[in-house]
Amino acid sequence: MAAPIYSPGLEGVIAGETAISTVEGGLVYRGYSIEDLAEHATFEEVAHLLLHGELPSERELAAFRGRLNESADTPQALVELLAKIPAGVPMMDVMRTAASALAHWDPDAADNSHAANLRKSEHLLAQLPIVMAARYRLAHGKRPVAYDSKLSLAGNILWMLFEKAPSARLAKAMDVSLILYAEHEFNASTFAARVVCSTLSDVHSSITAAIGALKGPLHGGANEAVMGVLMEVGTAQKAEAWIRNALSQKRRIMGFGHRVYKTGDPRAAYLRTLCRELAAETGHEDMEAMADTIETIVQSEKGLPPNLDWPSARLYYYMGLEVDLYTPLFVLSRVVGWSAHVIEQLDNNRLIRPRARYTGPAPRKWLHIKNR
Ligand code: ACO
């Protein structure tokens with residue numbers, strides 16, 4: 001057996017095989033570049049591609065949408081539970097609870113067959129937006145709004161939050177952001193999901209763990225933290241002084257850097273244009289100018305390009321969404337990637353159980369408690 005490899009944070013380690021996506025030469029979902037998908041596909045088509053392996057035909061897409069519509073329901077008991085969660089609990093924590101709770105009403109919860117795992121994944125894809133919107137509205141003293149089967153998933157997210165049909169531009173911006181967030185190889189949350197199901201646990205447990213992993217500010221939580229940065233800076237005029245001071249204090253600037261993309265995150269590059277267009281349309285040019293200044297200086301001083309969370313936070317802000325929803329929106333999209341990985345792992349499972357390098361004390365003699 002070869003000598004074990006040690007790489008802190010598993011950096012650079014190939015920890016498994018996947019046919020779902022690659023970050024080699026840009027981000028590619030099952031052979032299709034994210035640029036092509038964001039330009040031409042809908043989120044539903046991308047979800048079908050990731051879960052079922054191929055882009056759908058018209059008939060397959062209609063059937064897929066039909067299944068999502070059938071699953072787009074939340075048990076009344078869960079809505080009551082959502083209403084009882086204390087006010088002020090972050091939406092990410094509510095999403096984690098909901099992903100776990102939804103298992104109790106899923107007849108397939110304990111069935112780990114390929115077909116059942118696909119069904120459960122589709123249920124979660126349809127149910128999680130309903131849960132998020134219901135909790136949001138209950139927390140604002142409003143009644144939940146029912147899912148509209150005539151709208152897309154992206155359109156439904158906005159409809160169920162605001163009870164207002166979204167403009168085509170807003171629905172498209174949401175759709176593109178869902179496409180870009182949907183899948184990203186062996187990132188921390190996906191790996192967490194794979195570790196959980198590799199013990200022959202189930203889809204809901206894996207997704208619950210993944211949501212817990214996504215929440216951290218070094219991962220998905222960064223899109224909310226980015227907004228904290230932009231709010232702290234305040235105006236474009238203050239941006240240069242703010243960022244130079246932050247860098248001199250060795251602050252970690254949220255939305256910059258990436259474990260894998262060292263020369264640029266293709267998703268951030270793609271979203272930039274859409275972000276600018278929406279800023280112009282909603283009168284947020286000053287925030288774009290602020291972001292540009294910060295981006296230029298972080299790049300020239302630290303050589304760090306922005307990651308997807310940098311433009312995403314602004315995109316959501318221009319869409320009028322509360323910051324507490326940003327990472328949960330990431331969940332509504334990435335649930336597709338997580339599910340695809342859980343299915344792939346369970347179809348060809350090997351328990352994920354690495355080793356650790358021991359750094360504790362050398363062997364010691366037992367001491368009776370009276371002699372310690
Ligand atoms: N701001 C300032 N400095 C940074 C940043 C940053 N955002 N990111 C990395 N660095 C610096 C580190 O301080 C370190 O500098 P040093 O060598 O002088 O000590 C060097 O770059 C390497 O940093 P590491 O943390 O070792 O790089 P790693 O590959 O582990 O980090 C990570 C990747 C965690 C994403 C990091 O860049 C980061 O913390 N970014 C901010 C959080 C963020 O935006 N996360 C979103 C990730 S993408 C996503 O989830 C969609």
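Couple of notes before you dig in:
- Taking 47, 188, 340 as the candidate residues, the one with maximal mean-square fluctuation in a Gaussian network model of the chain, Cα springs under 10 Å, is 188.
- Over the chain, relative contact order from alpha-carbon pairs under 8 Å, at least 6 apart, %: 22
- Per-selection Kirkwood Rh - segment 222-318 (Cα, Å, 1 d.p.): 13.2
- Length added when fully stretched, residue 263-residue 245, from 0.36 nm per residue minus Cα-Cα: 4.1 nm
- In this calculation the C-beta distance from residue 370 to residue 93 is compared with R0 = 35 Å, giving a FRET efficiency of 0.15.
- With at most 11 neighbouring Cβ atoms within 10 Å, loop chymotrypsin sites (Phe, Trp or Tyr not before Pro) (DSSP) excluded, longest segment of the chain: 7-357
- Gyration tensor (alpha-carbon) shape descriptor, segment 279-349, a/c threshold 1.5: oblate
- Segment 32-173, dipole about Cα centre (Lys/Arg Cβ +1, Asp/Glu Cβ -1), debye to the nearest 20: 740
- Cα-based Rg / Dmax (Å) for the chain: 21.7, 77
- Solvent exposure of segment 88-220 as accessible area per residue, Å², 1.4 Å probe: 36
- Summary of the geometry: segment 225-278 and segment 348-372, compared by the centres of their Cα atoms, lie 42 Å apart.
- DSSP-loop trypsin sites (Lys or Arg not before Pro) across segment 74-179, with at most 14 other Cβ within 10 angstrom: 142, 150, 164
- Distance between the 7 Å Cα→Cβ label points at residue 83 and residue 352: 3.9 nm.
- With the Kirkwood sum run over all distinct C-alpha pairs, segment 1-74 has a hydrodynamic radius of 15.0 Å.
- Projecting the Cα positions of 275, 236, 247 onto the charge dipole of segment 222-318 (unit charges on Cβ atoms of Lys, Arg, Asp and Glu, taken about the Cα centre) puts 247 furthest along the positive direction.
- Value of D in µm² per second that Stokes-Einstein yields for segment 1-137, Kirkwood Rh from Cα pairs, at 25 °C (0.890 mPa s): 138
- Loop sites in segment 8-103: GluC sites (Glu not before Pro), DSSP, at most 13 other Cβ within 10 Å: 11, 17, 24, 54
- In a simple Cβ point-charge model (Lys, Arg +1; Asp, Glu -1; nothing else charged), segment 222-318 has a dipole of about 540 debye relative to its Cα centre.
- Volume per residue of the convex hull around the Cα atoms, evaluated for segment 95-189, comes out as 134 Å³.
- Taken as entire DSSP H runs, the helices of the chain that both span 30 Å or more between Cα atoms along their own long axis and average 0.0 or more on the Kyte-Doolittle scale are 114-139, 326-347.
- Rounded to the nearest 20 debye, dipole of the chain from Cβ charges on Lys, Arg, Asp, Glu: 1980
- Too-long pairs where the Cα-Cα distance tops 32 Å, listed order kept, from 238/262; 164/262; 84/238; 120/164: 164/262; 84/238
The values are calculated or read from the model by the stated rules, or taken from the named source; none is laboratory data. Source: prediction; values computed, not measured. Positions of Cβ are backbone-derived with ideal geometry, glycine not excepted, and every protein chain shown enters the neighbour counts. Ligands, DNA and RNA are excluded from the accessible area calculation, which covers all protein heavy atoms including side chains. Shrake-Rupley method; radii C 1.70, N 1.55, O 1.52, S 1.80 Å.
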